[in-house]
Each structure stands twice: as structure tokens, then as C-alpha cells.
1. Are any of the residues in segment 380-389 of a type in the set (V, I, T), closer than 20 Å to S136 by Cα and open to solvent by less than 30 Å² (accessible area, probe 1.4 Å)?
2. Which condition number does L452 fail, the rest of (1) at pLDDT below 95; (2) part of a strand (DSSP E or B) being met?
3. What tally of residues in segment 117-134 results from selecting those that are in contact (Cβ under 8 Å) with a residue 40 or more places away in the chain and closer than 12 Å to L270 by Cβ?
4. Here are some conditions: (1) in contact with a Lys or Arg (Cβ under 8 Å, 6 or more places away or on another chain); (2) more than 15 Å from Y91 (Cβ to Cβ); (3) assigned to a loop (DSSP other than H, G, I, E, B). G327 meets all but one. Which one does it not meet?
5. Taking the conditions exactly as written (in contact with a Pro (Cβ under 9 Å, 6 or more places away or on another chain) and within 24 Å of A228 (Cβ to Cβ)), does L349 satisfy them or not?
6. Can you tell me which residues in segment 187-211 are at pLDDT 95 or above and among the hydrophobic types (A, V, I, L, M, F, W, C)?
7. Given (1) open to solvent by 60 Å² or more (accessible area, probe 1.4 Å); (2) more than 21 Å from the chain's Cα centre (by Cα); (3) of a type in the set (S, T, Y), where does S365 come up short, assuming only one miss?
8. Can E358 be described as on the phi < 0 side of the Ramachandran plot, touching a Ser or Thr at 6+ places or on another chain (Cβ under 8 Å), at pLDDT 90 or above and among the charged types (D, E, K, R)?
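The values are calculated or read from the model by the stated rules, or taken from the named source; none is laboratory data. Just so it is clear, the structure is predicted and the values come from calculations on it, not from any experiment. Positions of Cβ are generated from backbone atoms using ideal geometry, with glycine treated the same way; all protein chains shown enter the neighbour counts. We work out accessible area using only protein heavy atoms, side chains counted, and drop any ligands, DNA or RNA first. Shrake-Rupley method; radii C 1.70, N 1.55, O 1.52, S 1.80 Å.
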Amino acid sequence: MDPLSLPKLKQHNSLSNIIAIFLSTMAMLSKNLHSTSTPLQLLLVLLSLQRLFLFQQWNWNPIFHLLLLSCFFLVYVLRVGALAFKAPSVYLVDYSCFKPPSTCQLPLSRFIQHASSIISFDSQSVEFMAKIVASSGLSEQTYLPPALLSSPPKTHQREYIKEAEMILLPLMDDLLTKSKLSPRDIDILVVHCSAFCPSPSLSSIIVNKYSMRSDVKSFNLSGMGCSAGAIGIDLAQNLLKTNNNCYAIVISTEILSAGWYSGHERSKLLINCLFRMGSAALLLTNRKEASKTSKYRLIRTLRTQTAFDDKAYLTAIREEDDDGKLGVTINKGLLPAAGELLRSHMTILGLKILPLTEKLKHVVSVIRKKFEDKEGEIYMPSFKTAIQHFCLPTSGRALIGEIAKGLNLDGRDVEASLMTLHRFGNQSSSSMWYELAYMEAKERVKKGDKVLMLGMGTGPKCCSCVWECVRPIAGDSNKNSPWRDCIHLYPVEAVSSISQT
């Protein structure tokens with residue numbers, strides 16, 4: 001609620017003034033209140049509006065009281081009435097995270113030895129990758145696919161398909177077993193992989209392997225980067241809004257052998273150093289009976305992007321080098337562009353999810369700075385008043401640190417992100433599910449807690465999902481969890497400090 005947006009009115013009570021106040025008040029109420037707002041919250045907004053009017057030094061007339069009460073009644077009735085037409089809730093029944101076999105494990109020392117044996121890399125390239133890996137925050141237990149463990153790496157279409165089947169089929173089997181569903185029970189299938197887009201698509205491969213129904217709605221997303229996981233959820237949610245009593249599976253994966261770079265440009269070698277194997281599959285539904293057995297309820301999704309800006313658009317782009325070798329170029333402007341994207345995204349998200357008291361504190365601080373104390377600081381709302389757990393992009397310790405600083409998060413808030421990066425590396429769009437699995441394995445997620453999943457990818461684009469835990473999940477969280485054999489070793493103190501990011 002910005003007081004500067006209110007019209008400057010004359011001291012006399014003209015009809016135009018009354019209309020202007022009515023329209024401004026209605027707009028502010030509509031923008032800042034949710035359909036679940038209580039009468040007390042509405043009253044607090046009205047009191048804040050009164051204070052704004054006094055700041056404007058308007059002649060306070062009883063007609064303004066009547067005007068505000070009318071706005072109160074009209075907005076509240078409209079908001080409550082909208083609940084009758086609300087789309088059915090979307091629930092997360094369960095999810096599965098892929099844990100690669102131990103044969104794919106690659107200690108950092110072995111990674112450097114392996115890179116040194118590849119003829120396409122010169123000594124400067126190997127030295128650069130060794131430096132990046134040493135400071136990346138990755139452990140000795142991350143994974144690469146068999147195709148990249150060969151010397152030289154096998155980067156062919158046949159190997160891409162093998163890697164996809166190695167990941168996707170066990171993942172689907174585990175999810176269907178957990179949920180006790182048949183492949184023919186699935187109504188919607190969304191698969192996303194940024195670097196690899198075969199024909200037939202990955203979603204078609206799954207439909208074929210599992211003999212799914214002929215009317216299953218299948219979608220295949222590519223080129224969406226690390227934000228694809230949250231984008232896939234947003235797509236599935238929109239489909240579930242228009243299709244009743246359905247099950248939807250969303251799969252997040254990345255085929256690393258298709259994104260491997262074998263050239264000499266340093267800006268393209270970063271991908272080889274940070275990205276590791278990982279994939280996740282989740283089962284969503286809009287069935288009413290799922291409210292009693294599901295783990296989470298989807299509260300809100302939000303998508304924003306800055307692809308319209310050329311400078312931001314070019315910060316991460318897949319292109320050929322001078323020798324014709326394909327790779328993803330990571331430019332130095334990536335962190336500033338990501339910071340600007342995050343600020344704009346969280347501003348919009350904050351208006352939708354933050355408590356009314358946090359919004360009012362911000363508004364009052366803005367007013368005080370403008371009219372009373374020019375040197376005063378503007379209060380920055382705390383997202384921890386609305387969110388208890390955060391799943392952040394694991395693109396690197398530097399990015400995690402920047403996000404933590406921007407959202408005023410402490411070490412415990414970013415622990416799951418740093419530990420996921422340490423244990424599994426950057427798994428692109430599926431990392432957020434390994435983070436949630438970490439928090440569940442630590443038995444930190446309680447019934448009623450809110451979880452924010454934040455995905456940021458090339459474009460640049462940002463997508464967030466807010467979940468609410470709807471049942472106790474302690475006890476069953478370690479079954480088939482990717483953390484089941486190592487959770488007792490975490491957190492690792494050497495990488496848990498934000499200051500080291």
C-alpha cells in the first residue's frame with residue numbers, strides 16, 4: 001500500500017474527491033488482502049488508510065467513515081463469495097528422489113585425473129576445473145553418469161537415451177510403488193529436461209515403457225534450466241484446475257552427458273564442474289480424499305522472468321565455441337541479474353503471502369521516512385513470518401549466500417541447500433526435492449509448516465511454489481530417502497556457514 005498512489009485531494013468535499021477516495025481504497029484493499037483475511041485484518045487495513053488520509057491533511061468528514069465501511073463490506077463479501085468458486089486444492093501425495101548407484105560415484109581427485117586423461121582438455125582447462133571444483137562446496141561422493149566416466153566421454157544420442165532410462169524408469173517404479181497406483185491411473189504426465197530433447201520425447205518414452213492410457217495428457221519441457229522443476233508444478237496445477245479427480249506425475253531430470261562440454265572456454269567449463277546426477281518425480285492430485293493421506297497442499301505458485309532484457313538474457317546461454325563445440329556459457333553478469341530477478345519476484349510473492357502486520361510495518365516505515373525521518377531506514381518484511389522452510393537453488397555457494405542475504409536467512413534456513421550441494425552437487429531442477437528430503441530426514445517439517453521452493457533458471461526466469469504440510473510425516477521420511485545412509489553425518493560444519501559462500 002503506497003500512500004503516494006492516493007490522489008491529491010482538495011480540502012473541500014467534492015463529488016470527484018469522494019469517487020477518487022472510493023476507487024483508491026477499493027484498489028488498495030483488493031490488492032493487499034487475501035480471500036482468507038479475517039475481519040480483524042480488514043479492520044487493520046482500514047485504520048492504516050485513516051492514517052494515510054490524516055497524513056494527506058484532508059478534512060476528515062463522517063462521509064469518509066461511511067465510505068471506508070462500505071469498502072470494508074463490499075471487498076469482504078466479494079472475497080468470501082469467491083471461495084465458493086475456488087478451484088479444487090492440489091495435493092502432493094508423495095515424491096521420489098533418484099540415488100545413483102555407487103559405481104557412478106566420482107571423488108574430486110578422480111574427477112581431475114579423469115579430466116586430465118581427456119585429450120580435448122589442455123592443461124589450462126584441467127587446472128581451471130580443478131580450482132573450481134576445489135572451491136565448489138561439493139563432497140567426494142557426487143555422481144556422474146557412466147557415459148561421462150568413460151575415456152573419452154561418450155556423448156552420443158544412444159548414450160543420452162541410456163542415461164535417461166537409467167534414471168527415469170527406477171524413479172517411476174519407486175513413485176508408483178509408494179503410491180500403490182498403476183501407470184494407467186495417471187491422467188497427466190509432465191517431464192522436463194533442459195539439455196536433452198529427443199524425438200520421441202522423454203514423456204513419450206515413459207508412456208511407451210509403462211503402456212499408459214491413450215488419453216494421458218503428456219508434456220515435455222526443455223530449455224527451462226534450473227527453474228523447470230517449479231515450472232512443471234505450475235503447469236500441472238493449471239491442468240488440474242480444469243480436470244477433476246486426476247493424478248499428475250511431474251518428473252524433474254537432467255541428462256548430463258548431453259550437456260558435457262569438451263572445449264577450452266572457461267565460461268563453458270563451469271557446467272562440467274558443478275552439475276551432477278539427480279532426478280525427482282512427484283505425484284500430484286486434486287482428489288478430495290487425498291487431503292487425508294497426502295504430505296503437502298500446494299498453496300501458491302508464481303512465475304516471473306527478465307528475458308525481455310538483453311543483458312540478462314545473455315548471462316547464461318547455450319552456444320558453440322570457436323571450434324564448433326556446444327556448451328553453456330556462464331557470464332559474469334549472472335549473479336547481478338539473478339539478484340535483480342529475485343528482488344522483483346520476492347516483492348510480488350511477499351504481497352501475496354506475507355502477514356498483514358509485515359505489510360503494515362513496511363508501509364508505516366515508508367510513510368515515516370517520507371514525512372518524518374528522512375534518514376530513517378525502511379523496514380524490510382521478514383519472509384520467515386510466513387515460511388518455515390526454504391528450498392533454494394543449489395547453483396553454487398555464492399548464489400545461496402546472495403539469496404540468504406537478500407531474504408535475511410540464517411545458517412539453519414539455508415542448511416538444506418548447502419548440504420544438498422555438498423552431498424549431491426547441483427542437480428538442476430530436481431535439487432529442491434533433495435533439500436525437502438533432507439529436512440524430512442531431520443524431522444524438521446511439522447504439520448502446518450509452510451515450505452518455499454524457489455527455482456531460478458536461464459532466461460532468466462524465476463518460479464516459486466509454496467506448500468503447506470498437511471499431516472505428520474516423521475517416521476516414513478527415511479524410507480527410500482536419498483539421505484537414508486548418510487543423514488547422521490550432516491550438517492557438515494565446514495560448509496554450513498553462510499559467510500563461506
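1. Within segment 380-389 (the criterion being of a type in the set (V, I, T), closer than 20 Å to S136 by Cα and open to solvent by less than 30 Å² (accessible area, probe 1.4 Å)), the answer is no, since none of the residues qualifies.
2. Every condition holds for L452 apart from (1).
3. Residues in segment 117-134 being in contact (Cβ under 8 Å) with a residue 40 or more places away in the chain and closer than 12 Å to L270 by Cβ: 5 in total.
4. Result: G327 fails condition (3) only.
5. Values: in contact with a Pro (Cβ under 9 Å, 6 or more places away or on another chain): no; within 24 Å of A228 (Cβ to Cβ): yes.
Considered against the rule, which asks whether it is in contact with a Pro (Cβ under 9 Å, 6 or more places away or on another chain) and within 24 Å of A228 (Cβ to Cβ), L349 comes out as no.
6. I188, L189, V190, V191, L202, I205, I206, V207
7. (1)
8. Working: on the phi < 0 side of the Ramachandran plot: yes; touching a Ser or Thr at 6+ places or on another chain (Cβ under 8 Å): yes; at pLDDT 90 or above: no; among the charged types (D, E, K, R): yes.
Criteria not met by E358.
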